[in-house]
Amino acid sequence: MNKVEVLGGRTLKGRFIALEILEQRHFDGLVRAGSDPAIWTYMPHDVSNGPRVFLEWLAHENISGRMITYAVRRLADDALVGSTSYLSIVPEHARVEIGATWYEPGAQASAVNPEAKYLLLGNAFGSNYNRVELKTDSRNKRSQAAMRKMGATEEGALRGHLWMPQGYYRDSVYFSVLASEWPEVKAGLEARLATFG
């Protein structure tokens, strides 16, 4: 096994977005971006008092090294439009998860999410990780469709996996991409991003 490298510590920049390591300077813009309650429908975090406490928790997890959360900046207008993270970072098994992802409604169904996944997957596999996991609520059909469209392999569901602040036990549907699959997934994402001009 090749030695895995450090995942975080730098901005990841594409054609449409930049992923910036989450810092307090991002909070006001992200609070504005996260003001629509519909964003949080399937998130396993209580944001009933707004997303600031969630963002503070993410920033603390960054400092602790348990997660690497990025603020997502849309380059066309310099707006902060959401955040996404590496979590469940297990370098000894070359495994990491991409998750805790959310975007303001105006950034959904755009180049933002496919390019974020492109940058995060490329960074993980370029750092010698072998497996990238993704999971979502079984009720979140849109998220599952996005993972399939990206080329991730559906692995099944963990039943009653998480207690949700919305008041139910969530079944989590797992997907993954392996390093050996990355060239094909990468080509698919590049073709998709090309459609956005």
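Every number here is computed from the coordinates shown, using simple stated rules; none is lab data. It should be emphasised that the depicted structure is a prediction, and the values quoted were computed from it without experimental measurement. Ideal geometry is used to build each Cβ from the backbone, glycine not excepted, and the neighbour counts take in all protein chains shown.
For the reader, a short list of remarks on this structure follows.
- Exposed-loop-free span, longest in the chain, where trypsin sites (Lys or Arg not before Pro) count as exposed if DSSP calls them loop and at most 16 other C-beta atoms lie within 10 Å: 67-138
- Residues VAL90, VAL81 in ascending order of nearby Cβ atoms (within 10 Å, fewest first): VAL90, VAL81.
- Exposure proxy for PHE27, PHE54: other Cβ atoms within 10 Å of each Cβ, ordered fewest to most, give PHE27, PHE54.
- Among MET164, MET150, MET67: highest mean-square fluctuation, GNM of the chain, C-alpha pairs under 10 Å: MET164
- Cα gyration tensor shape of the stretch 91-197, rounded if a/c is under 1.5, else prolate or oblate by comparing a/b with b/c: oblate
- Inter-probe distance in nm under a simple model that places probes 7 Å from Cα toward Cβ, at LYS186 and ASP171: 3.5 nm
- Using θ = phi - 60° in the Karplus curve 6.51 cos²θ - 1.76 cosθ + 1.60, the 3J(HN,Hα) couplings for the stretch 173-179 round to 8, 9, 10, 8, 10, 9, 4 Hz; x is entered for Gly and Pro.
- Here the sum of -39500 (n - 2.57) over DSSP H runs of 4 or more residues, divided by the residues of the chain, equals -9000 deg cm²/dmol at 222 nm, to the nearest 500.
- Near the amide H of MET67, within less than 5 Å, lie the amide hydrogens of ASN62, all on another chain or at least 5 residues away, with H placed in the peptide plane.
- Relative contact order [Cα under 8 Å, 6+ residues apart], the stretch 12-194, whole percent: 20 percent
- For THR84, distant residues with modelled amide H under 5 Å away: TYR70, VAL72
- Taken about its Cα centre, the stretch 111-163 carries a charge dipole of roughly 220 debye when the Cβ of each Lys and Arg holds +1 and the Cβ of each Asp and Glu holds -1.
- Contour minus Cα-Cα distance for ARG15 and LEU178 (0.36 nm per residue): 56.2 nm
- Lys pairs under 20 Å by Cα in the chain, provided they are eight or more residues apart or on distinct chains: 10
- Rounded to the nearest Hz, the phi-derived 3J(HN,Hα) couplings of the stretch 157-164 under the Karplus curve 6.51 cos²θ - 1.76 cosθ + 1.60 (θ = phi - 60°) are 10, 9, 7, x, 6, 9, 7, 9, where x marks glycine and proline.
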